[in-house]
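Undergrad: Below are the structure tokens for one structure; questions will follow.
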Amino acid sequence: MRSIFALVLPLALLAGCASSPPADPPPEDPVQETPPASTSTADTQDGGLFEKELSVTVDGGRTLTLVAHCKETAMEGFSTYGTGTIDVLDGEELLQTLDVGAGVLTLEEDAAASAKQVYPTVFDSNYLPTLEDLNFDGAQDILCMYTMGTVNGSYLCWLWDPAQGQFTAGPELCGYAVEPDPDERQVSVSSRGGWGNYDTDIYVPDERGALVLVKRIHKEPAEDDSGELKTTVQVLTDGQWREVTD
């Protein structure tokens, strides 16, 4: 799955990327909801730069500080927001810098990604970097939306690697909801395509803590006009996708 990266998003014309459908379809026009972000801003008018600071708990209860370098661009009647880089600090020591723009451009297979400094944009500051334990190892991981469509968003994620003592890039996630389930030890990423088409991608951590896509669920209207949804399930078994249709 590849999404189209744009430095400036067309106003609300992105169709959103397609992933896999949810078990219980949402309303046709769902409202994206995320937890409120705690953002410390400076002057953010007309392209102002600001920082968002987060405390992240990693292995052994160790606490690090994330400083996201963000940008607000004032448009006509609204603003767009973007994250350029994220510094990871242990006290005053800089452990690493995560380059959001380079991460997006790398997904687009842009060989010059490392030479570019960009601020991928979204339409709401609530979608700036947030924290979730995505691989259920007790350490918080980083989730950062970089593109927002009319329904779905595209996210970069970085997973804490205790062996390396730093965050490492995880898979691109695309949908209107990213929902870790610690009881099932899986992450559900729900998205919506055209009318009546829903998808859910299921990721689980492997033995090293990396997220692996293991199931795809697609729902669409049945061909008999019964109003029922036809469900197709694909499961990854021994490295091969096997399909089961309800």
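Computed from the coordinates by the stated procedures, all read-outs in this text should not be read as laboratory data. Keep in mind that this is a model prediction, so the values were computed, not measured. All Cβ positions, even for glycine, are placed from backbone atoms using ideal geometry, and neighbour counts span all protein chains on display.
Undergrad: Count the net charge of all other residues whose Cβ sits under 9 Å from the Cβ of Thr65, scoring Lys and Arg as +1 and Asp and Glu as -1. If you can, show how the numbers build up before the last one.
TA: Details: positive: none; negative: Glu53, Asp87, Asp90.
Neighbourhood net charge equals -3.
Undergrad: Name the long-range amide H neighbours of Thr147: under 5 Å, sequence gap of 5 or more, or other chain; modelled H, no Pro or chain starts.
TA: Correct list: Ser154.
Undergrad: For Ser79, what residues show an amide H to amide H distance below 5 Å, using hydrogens built from the backbone and excluding near sequence neighbours?
TA: Those lying under 5 Å, H to H, from Ser79: there are none.
Undergrad: Moving on. Taking other Cβ within 10 Å of each residue's Cβ, how do Arg242, Arg192, Arg216 sort, fewest first?
TA: Neighbour counts put them in this order, fewest first: Arg242, Arg216, Arg192.
Undergrad: Please list, in chain and number order, the residues 5+ apart from Asp133 or on another chain whose amide H is under 5 Å from its amide H, with Hs placed from the backbone.
TA: Excluding prolines and chain starts, which carry no amide H, the hits are Asp141.
Undergrad: Gain in length, Asp90 to Trp195, computed as 0.36 nm per residue apart minus the alpha-carbon separation, to one decimal in nm? Walk me through the intermediate numbers first.
TA: Values: separation 105, 0.36 × 105 = 37.80 nm, distance 4.73 nm.
Going from the current span to full extension adds 33.1 nm.
Undergrad: Given a Förster distance of 22 angstrom, what is the FRET efficiency for Thr57 paired with Arg208, based on the Cβ-Cβ distance and rounded to 0.05? Before the final figure, lay out the partial values.
TA: Details: r = 20 Å, r/R0 = 0.92.
Here the calculated transfer efficiency is 0.60.
Undergrad: Next up: Mind ranking 139-147, 162-170 by how tightly packed they are, going by the mean number of other C-beta atoms within 10 angstrom, highest first?
TA: Values: 139-147: 23.4, 162-170: 15.3.
Those peptides, ordered most packed to least, come out 139-147, 162-170.
Undergrad: Output the Kirkwood hydrodynamic radius of the stretch 170-246, Cα pairs only, in Å rounded to one decimal. All intermediate terms of the calculation are to be shown ahead of the outcome.
TA: Numbers: mean 1/r = 0.0737 Å⁻¹.
It is 13.6 Å.
Undergrad: Along the charge dipole of the stretch 148-246, Cβ charges K/R +1 and D/E -1, which of Leu236, Val189, Ser154 sits furthest on the positive end?
TA: Ser154
Undergrad: Within 10 Å, count the other beta carbons around each residue, average over each peptide in 68-81, 225-238, 198-211, and list them highest first.
TA: Numbers: 68-81: 16.4, 225-238: 12.6, 198-211: 17.9.
The most tightly packed comes first, giving 198-211, 68-81, 225-238.
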